[in-house]
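Here is the structure we will look at.
The values are calculated or read from the model by the stated rules, or taken from the named source; none is laboratory data. All of these numbers come straight from a predicted model, not from anything done at the bench. Reconstructed Cβ throughout: ideal geometry from the backbone, glycine too, with neighbour counts over all protein chains shown.
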Amino acid sequence: MIKKTDRDDEITPKSLFLSRRQFLKTMGFTAAGAFLAACAGQPLTFNDPNKFADEPTPRDTALNFNNYYEFSLSKAVVAKLAGELTLSPWSLQVDGLVEKPAVIDMAALPDAFSLEERVYRMRCVEGWSMVLPWTGFPLRQLLDQVMPLPEARYVLFQSVLRPEEMPGQLSLDDYPWPYTEGLRLDEASHDLTLLAVGLYGDPLAPQNGAPIRLVVPWKYGFKSIKALTRISLVADQPPTLWNSLAPQEYGFYANVNPAVDHPRWTQATEIRLGDSQRRPTLLYNGYDEVADLYAGMDLSENF
Ligand SMILES: Nc1nc2c(c(=O)[nH]1)N[C@H]1C(S)=C(S)[C@@H](COP(=O)(O)O)O[C@H]1N2
Ligand SMILES: [Mo]
């Protein structure tokens with residue numbers, strides 16, 4: 001006779017384990033390199049080091065509290081709606097000012113890049129944050145393959161346009177879909193800038209940007225565009241969705257900065273999901289190694 005608790009013990013962990021192993025195997029993820037690159041950020045220096053610890057956010061929270069306007073403005077319903085997105089086949093086009101344009105089939109991607117796990121803080125412009133264990137590879141690896149031309153100074157990122165599967169692309173009819181974002185080429189080439197295909201050791205869930213998304217941990221979360229279909233190298237700063245909709249609220253740079261408030265709320269502090277009190281927000285979200293990219297720039301002008 002199988003008791004209910006026995007069944008739970010046996011079935012749940014084994015199926016989770018198998019799917020995780022399968023994913024790591026499919027993605028060419030080797031045990032040796034798996035956890036070496038975790039947490040590239042600075043240690044936090046407050047009086048009580050435990051008070052503002054960087055524990056990974058519970059998986060359940062990260063999978064059920066999502067900003068993904070193509071589906072809904074309501075964070076709690078995105079997970080369910082995003083389940084309707086067709087993820088396969090999927091290709092990522094890389095074009096523009098490059099020597100070797102490419103179209104990458106997602107199924108072939110694991111062979112082309114070496115994946116690693118990176119635990120990054122993510123700070124949403126709305127004033128909350130999470131700590132997330134991504135699986136991915138530096139965007140730099142892809143840029144090296146396509147070989148940007150000397151005139152290329154910016155990178156434009158485009159998300160999927162599929163109104164038949166994404167109800168928000170119909171209801172938010174004054175938004176300039178598809179979702180777009182942009183980086184300067186030197187920002188895009190920084191080692192911290194990741195293309196992620198997994199989260200918590202599993203393939204990305206649809207609501208977190210499957211099958212492939214950008215992660216730029218020193219910038220507000222809206223720069224980390226989900227469901228990428230196209231990356232274009234361009235000469236000039238490209239228009240981006242949030243910057244076009246409200247340029248006075250969402251700058252092109254969008255570097256996390258406690259000293260530059262959003263016009264409608266403070267950015268000096270944030271609530272880490274699960275905490276009971278706000279914590280100080282750190283310049284560049286604590287990733288001080290990017291400071292050189294902005295040497296000599298007025299950060300309140302270029303917010
Ligand atoms: N395509 C697309 N990408 C997007 C968004 C979006 O609405 N559409 N929201 C952004 C915002 S505001 C945040 S905070 C993060 C949230 O990522 P998560 O749901 O994986 O935590 O995704 C970003 N990427
Ligand atoms: Mo966000």
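Is it fair to say residue 303 is part of a loop (DSSP other than H, G, I, E, B), at pLDDT 95 or above and farther than 26 Å from residue 98 by Cα?
Taking the combined requirement at face value, the residue satisfies it.
Hey, could you check region 125-143 for residues that are of a type in the set (A, V, I, L, M, F, W, C) and over 11 Å from the mean Cα position of the chain (by Cα) and say which is farthest from ligand 1 (Cβ to nearest atom)?
143
Checking residue 239 against (1) outside any loop (DSSP other than H, G, I, E, B); (2) surrounded by fewer than 19 Cβ atoms within 10 Å (Cβ to Cβ), which test does it fail?
(1)
Tally the residues that are of a type outside the set (A, V, I, L, M, F, W, C), farther than 20 Å from residue 72 by Cα and within 10 Å of ligand 1 (Cβ to nearest atom), restricting the search to region 201-228.
Adding up the residues that qualify gives 0.
Pairs under 8 Å by beta carbon, first residue under 19 Å from residue 250 (Cβ atoms) in region 290-303, partner at pLDDT 95 or above and among the β-branched types (Val, Ile, Thr), six or more apart or different chains?
Every condition considered, the pairs that remain are 299/260; 300/260; 303/260.
Out of the residues in region 242-279 that are part of a strand (DSSP E or B) and surrounded by 12 or more Cβ atoms within 10 Å (Cβ to Cβ), state the one that is nearest to the chain's Cα centre (by Cα).
The extreme case among them is 255.
Inspect all residues belonging to region 72-81 and state whether any of them is assigned to a loop (DSSP other than H, G, I, E, B), in contact with a helix residue (DSSP H, G or I) (Cβ under 8 Å, 6 or more places away or on another chain) and over 27 Å from residue 152 (Cα atoms).
Yes, the conditions are met somewhere in region 72-81.
For a quick check of your reading of the model, give me the residue pairs whose first member lies in region 216-234 and is without any contact (Cβ under 8 Å) to a residue 40 or more places away in the chain, whose second is assigned to a strand (DSSP E or B), with beta-carbon atoms closer than 9 Å and at least 6 apart or on different chains.
Filtered contacts from region 216-234: 216/181; 216/183; 216/194.
In region 69-127, how many are more than 16 Å from ligand 2 (Cβ to nearest atom), at pLDDT 95 or above and among the polar types (S, T, N, Q)?
So the answer is 4.
Can you list the helices (runs of 4 or more DSSP H) found entirely within region 106-225 that contain at least 3 residues being surrounded by 18 or more Cβ atoms within 10 Å (Cβ to Cβ) and out of contact with any Pro (no Cβ under 6 Å at 6 or more places or on another chain)?
139-146
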